[in-house]
Amino acid sequence: MIAVMGAGAFGTALAVALARGGQGVGLWARDAGQVAEMAASRRNERRLPGVELPEGVTVSARLEDFAGAQTVLLAMPMQQMAGALGAHCAALQGRALVACSKGIDLATLEGPTGLIARVCPGLAPAILTGPSFAADIARGLPTALTLACADPALGARLQGELSAPTLRIYLSGDPLGAELGGALKNVIAIAAGVVIGAGLGESARAALVTRGFAEMSRLALALGARAETLAGLSGLGDLVLTCTSAQSRNFRLGQALGRGEGFDPAVTVEGVATAAAVSKLAAQRGVEMPLADMVTALCQHKITVAEAAEALLSRPLKKE
Ligand SMILES: NC(=O)C1=CN([C@@H]2O[C@H](COP(=O)(O)OP(=O)(O)OC[C@H]3O[C@@H](n4cnc5c(N)ncnc54)[C@H](O)[C@@H]3O)[C@@H](O)[C@H]2O)C=CC1
Ligand SMILES: O=C(CO)COP(=O)(O)O
């Protein structure tokens, strides 16, 4: 059995895909009311409407019900991960923990695997990330993801366990690079949404995505990630998806900013807190991240879109 902590869109979609592939999956939600609703309707209408939970998915608000699961997927928003893990560390002893969240913790500037290693020392962390909208996974559309783990034997076990007929998993030994790609692309996706929302055009978006990739790579390499990881599914792959699709919540928030419209604060948009974390991290390391800094300032309403565009276009001319 595999357990999934966090019954949002992504956790539910992964549970559905894995169960369709023949795995027994325990889907844990902290809210007993939501669990009762899902158990009765066999759906998660709040987060993943229109998708039936296969028979192989068991829902519960009691983590003890999934004590047999050797692998636990963590699928809550990044800023909630430290609290959720801290509360359940004892119950998770002896399991492999696979982070499915994309972001950097604003309080500690840790990514998911670093946070797991600190909050639950002794547990084996891995990360599952890459271009994959929950709705696509749940519809059974083909999806490829990266499973990154520092321990090659555990990584190979998880790769096999988490692969399903429409979920193709590639293995990486660079969890830092994989998690940084997933976190940083959300920040650039907000900027891409701003460009489109403000009517600055497709050419500007292509330039921004390219310069965004350069800036993602600059920070990731400075922190010790591998360049080939950034060029893979978890970096470039997810950057392309998120910067070009209105299915992305990060892109849609950016579009709203670009148009001067509001955005529903209840929607999970990982890039907002992560942009602020990235700006801090980059300043600490002396890495230039002009796009992330602009996104941070825009999200905090410290500058206007016109000022951001002007500031980026008037930067000193450089070599590519
Ligand atoms: N939705 C998508 O297409 C994808 C999402 N992700 C990542 O998955 C993570 C979760 O995103 P979504 O599922 O889309 O968000 P969501 O907004 O659909 O759901 C978040 C869920 O987390 C739960 N939650 C919040 N705090 C919690 C806590 N302390 N303990 C347990 N559960 C808690 C909420 O009740 C909610 O059910 C994010 O980091 C996101 O970047 C990754 C790939 C695709
Ligand atoms: O990470 C995702 C797709 O790979 C989902 O993106 P959003 O969080 O922007 O919706």
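The values are calculated or read from the model by the stated rules, or taken from the named source; none is laboratory data. Bear in mind that the values here come from a model prediction, so they are computed numbers and not experimental data. Virtual Cβ from ideal backbone geometry, glycine too; neighbours counted across all protein chains shown. Surface areas here come from the heavy atoms of the whole protein model, side chains and all, with no ligands, DNA or RNA. Shrake-Rupley method; radii C 1.70, N 1.55, O 1.52, S 1.80 Å.
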I want to check the label-to-label distance for residue 303 and residue 39. Put each point 7 Å from Cα in the C-beta direction and report it in nm to one decimal. 5.2
Under the rule of -39500 (n - 2.57) per DSSP H run of 4 or more residues, summed and divided by the residues of the chain, what mean residue ellipticity at 222 nm is obtained, to the nearest 500 deg cm²/dmol? -15000 deg cm²/dmol
For region 175-320: relative contact order, % (alpha-carbon pairs under 8 angstrom, 6 or more apart): 32
Antiparallel DSSP bridges in the chain: what percent, to the nearest 5? 20
Kindly sort 314, 163, 132 by accessible area of their heavy atoms, largest first, with the probe set to 1.4 Å. 314, 163, 132
Kindly provide the trypsin sites (Lys or Arg not before Pro) of region 215-320 that DSSP labels as loop, not H, G, I, E or B, and whose Cβ sees at most 15 other Cβ atoms within 10 Å. 302, 318, 319
In nm, to one decimal, how far is the residue 46 label point from the residue 280 one, both placed 7 Å along Cα→Cβ? 2.8
Gyration tensor on Cα atoms of the chain, a ≥ b ≥ c root eigenvalues, a/c under 1.5 rounded, else prolate if a/b beats b/c, else oblate, says prolate
Region 186-267: C-alpha gyration tensor shape, a/c 1.5 cut-off, then a/b vs b/c: prolate
Quick calc: nm separation of the 7 Å Cα→Cβ label points for residue 65 and residue 314 -> 5.9
Cα extents of region 202-320 along the three principal axes, largest first, in whole Å? 37, 32, 30
Assuming R0 = 25 Å, can you tell me the calculated FRET efficiency for the pair residue 91 and residue 144, based on Cβ-Cβ distance, to the nearest 0.05? 0.20
Report the full-extension gain for the segment residue 221 to residue 168: residue separation times 0.36 nm, less the Cα-Cα distance, to one decimal in nm. 16.4 nm
Directionally averaged shadow of region 2-173, computed from the convex hull of its alpha-carbon atoms, nm²: 8.8
What number, in percent, do you get for the relative contact order of the chain if the mean sequence gap of Cα pairs under 8 Å and at least 6 apart is divided by its residue count? 15
Here the residues of region 63-82 lying in the modelled label zone of residue 153, meaning backbone nitrogen under 18 Å from a point 7 Å along Cα-to-Cβ, are 70-71
If you keep only loop residues by DSSP, which trypsin sites (Lys or Arg not before Pro) in region 58-160 have at most 12 other Cβ atoms within 10 Å of their Cβ? 62
Taking only protein heavy atoms and a 1.4 Å probe, the highest-to-lowest accessible-area order of 174, 264 is 264, 174
Fraction of beta bridges assigned by DSSP in region 2-173 that are antiparallel (%, nearest 5): 20
So with the 1.4 Å probe, I'd like the accessible area per residue for the chain, rounded to whole Å². 42
Carbon and sulfur %, accessible surface of the chain computed with the full protein complex present, 1.4 Å: 56
SASA check, residue 88, accessible area w/ 1.4 Å probe, all protein chains in place, rounded to nearest 10 Å², comes out at 50
